[in-house]
1. With a 1.4 Å probe, what is the total accessible area buried between chains B and A, in Å² rounded to the nearest 100?
2. At 1.4 Å probe size, with every protein chain present, just tell me what the per residue accessible area of the range A:261-373 comes to in Å².
3. In deg cm²/dmol, rounded to 500, what helix-only [θ] at 222 nm does chain A give when every DSSP H run of at least 4 residues adds -39500 (n - 2.57) and the total is split over its residues?
4. Given a 1.4 Å probe and heavy atoms of the protein chains only, how would you sort A:Thr206, A:Thr297, largest accessible area at the top?
5. Scan chain A and note any complete DSSP helix (H) whose C-alpha atoms cover at least 20 Å along its axis and whose Kyte-Doolittle average is -1.0 or more.
6. Taking amide H positions as placed in the peptide plane 1.01 Å from N, state which residues far from A:Asp259 in sequence (5 or more) or on other chains have amide H under 5 Å from it.
7. Scan around A:Tyr25 for amide H atoms under 5 Å from its own, H built in the peptide plane at 1.01 Å from N, and keep only partners 5 or more places away or cross-chain.
8. With the cut-off at 35 Å, report for the protein assembly as shown the share of all Cα pairs above it, as a whole percent.
Amino acid sequence: MRNKILTVDDSKTVRIIVRKTFKSYDCEILEAANGVEGLALAAKSMPDLILLDVTMPVMDGVEMLTKLKSDPQLKGIPVMMLTAEGGRDHVLKIAKIGVRDYIVKPFEEDVLVEKAGRIIDLKPLVDGPAKARSLTDPATILVVEDKPAIIQQIQEGLKHTPWKIVGAATQGEAIDYCSKTPPDLVIVSLSLPEESAFALFRLLRTNVKTKYTPVFGLVVKTETGTLQQAQTVGFTTVITKPIDCSDLESRIAKAMNLDTSTRYFGIEEGFFVFKMPENCTQAVLAEISTYLKPKLTEAVDAGHNRAIINVSALKTLHMGVIKQLVQAMQLCRDASVNYVLVGNAQLVSECKGFEETRTWSFFETMDEARASFGKAAPAAPALATA
Amino acid sequence: MPADTQEISETLIRDNITRAVCDVFKTMLQRTAKLDQMCVSGGPDACPPALRDENLAQKAQVVGTVGFLGEINGLIYLYFDANFAKDCTGHLLGMSADEVTEAGDEVINDAIGEITNMTVGSFKNGLCDQGYPCKLTIPSILRGSNFSIEPISDSIRFIYSFDTQGERLVADIILKVGE
């Protein structure tokens, strides 16, 4: 549910700055120019937070605060003062009436967000459900590890991705980095001295900018106690050393909720191309299965009715792969999409050994496959199970 | 009872206004400000030419005013050259020069009023913490050129000019003497 923030200030400038400050967070900003308007709007909309100025015409902030706190319906609404009035005595007097926090102008937008985030659950605004981030989008991953060789290993292992891997040797360095540019994901070595990995995790979770950032723990496989502790406190996942960078990449993609379909599906030169990877594990097949139908539908919607199923990278044929290919071909037929297969010699040979695949025909290259569509009828393989 | 303005040292005024201007310009406008000229009326030093009444507002100016009332009473005027006021407004609100022009003078007035409010607030909070409690008044704006401020006779005037990365900002402080 969206948070509602009511800003009560006679200055339109301040109200615009407040709106600008929270524009990247999922909240609605309501505005009032004085205490009378502020009280009326508070009663009508029951905001989750009120940002209140002191010096205003008609009814000032102190009077509005006093009335708000004496109204049983409204007294529970948290109020944060945002005012140029900041003498010690004055602040103490207002604090006694009951405010959750006090910001004296001039103020930095980050401070306002940080303090508001302590009172309400501020969630960063996502770009919209239709445009999910994909594997090809850049992202920043902060690795907090006091052993440079590990950071280097991760950088090396993920260098084929568009992700920027940044290293920090200590908790302090990591906090400094996060305060300037909040990363998309943090990997923390659980072996940092004096349990600082856990202290850092708590700080990341209490800071509004990193509250929802996935945080991975990194630990030697035999350190089961530490591993369990990390899982208990809420680390997104724990990666064990020695690091399997391929597994790490998959987990990062999952944690950042990335659209990984580009690994398998694409539109190339007007053709819908479904490419099976070298090693089709159960996890890979499950991922392909999730994307197959929506991606094919998307292609048809975009006007592409020709498909190439490219399995030439595949090392071995097994029942999981066969089922997946049968499903892909069936979906193409159902959607009236013409399709052909591209495969390597070993695969063609292995296909002869299965009842379901013995009649399948393959092109050797993508060029040949594309050229076949120029002819009257493309050579779509028969479906034994269809 | 209001404090006798004579008790308040020029150093206290100068330090407070310098801190306030530097703080507001750095925090809200990401500009550095540096005190470059000053003048105390009735003091032994004559005002530098740029700070004399007849020269303060020669060009088109937007002038923000906020008062403070309590143990110490006074008014502060902040002089912005019209183009500088426009530039500050754009920066403060995240608007381009064209957008500020389209938005009109009301938006500039409000932004300069708020910058003045923050600056005078910061100045007077310093006075409060040093034993002179007072409250702010609501900002108001003057616009024009070739005008001068005529303080009442029982007042003392301090004028400070700041260089804010090539643009001049003048703070004209008028303190009421005695009750």
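The values are calculated or read from the model by the stated rules, or taken from the named source; none is laboratory data. Being a predicted model, the structure only gives us computed values, none of them experimental. Here the Cβ is made from the backbone with ideal geometry for all residues, glycine too, and neighbour counts use every protein chain on show. The accessibility values were calculated without ligands, DNA or RNA, using every heavy atom of the protein model including side chains. Shrake-Rupley method; radii C 1.70, N 1.55, O 1.52, S 1.80 Å.
1. 1900 Å²
2. Here the residues of the range A:261-373 average 49 Å² of exposed surface.
3. -12000 deg cm²/dmol
4. Solvent-accessible surface, decreasing: A:Thr206, A:Thr297.
5. On the way: long enough: A:282-301 (29 Å, 0.14); A:319-334 (22 Å, 0.36).
The answer, listed by residue number, is A:282-301, A:319-334.
6. Close amide H contacts, sequence-distant or interchain: A:Arg133, A:Ser134, A:Leu135.
7. Here A:Leu125 satisfy the definition.
8. On the way: 91607 of 159330 pairs.
Tail of the P(r) past 35 Å holds 57 percent of the pairs.
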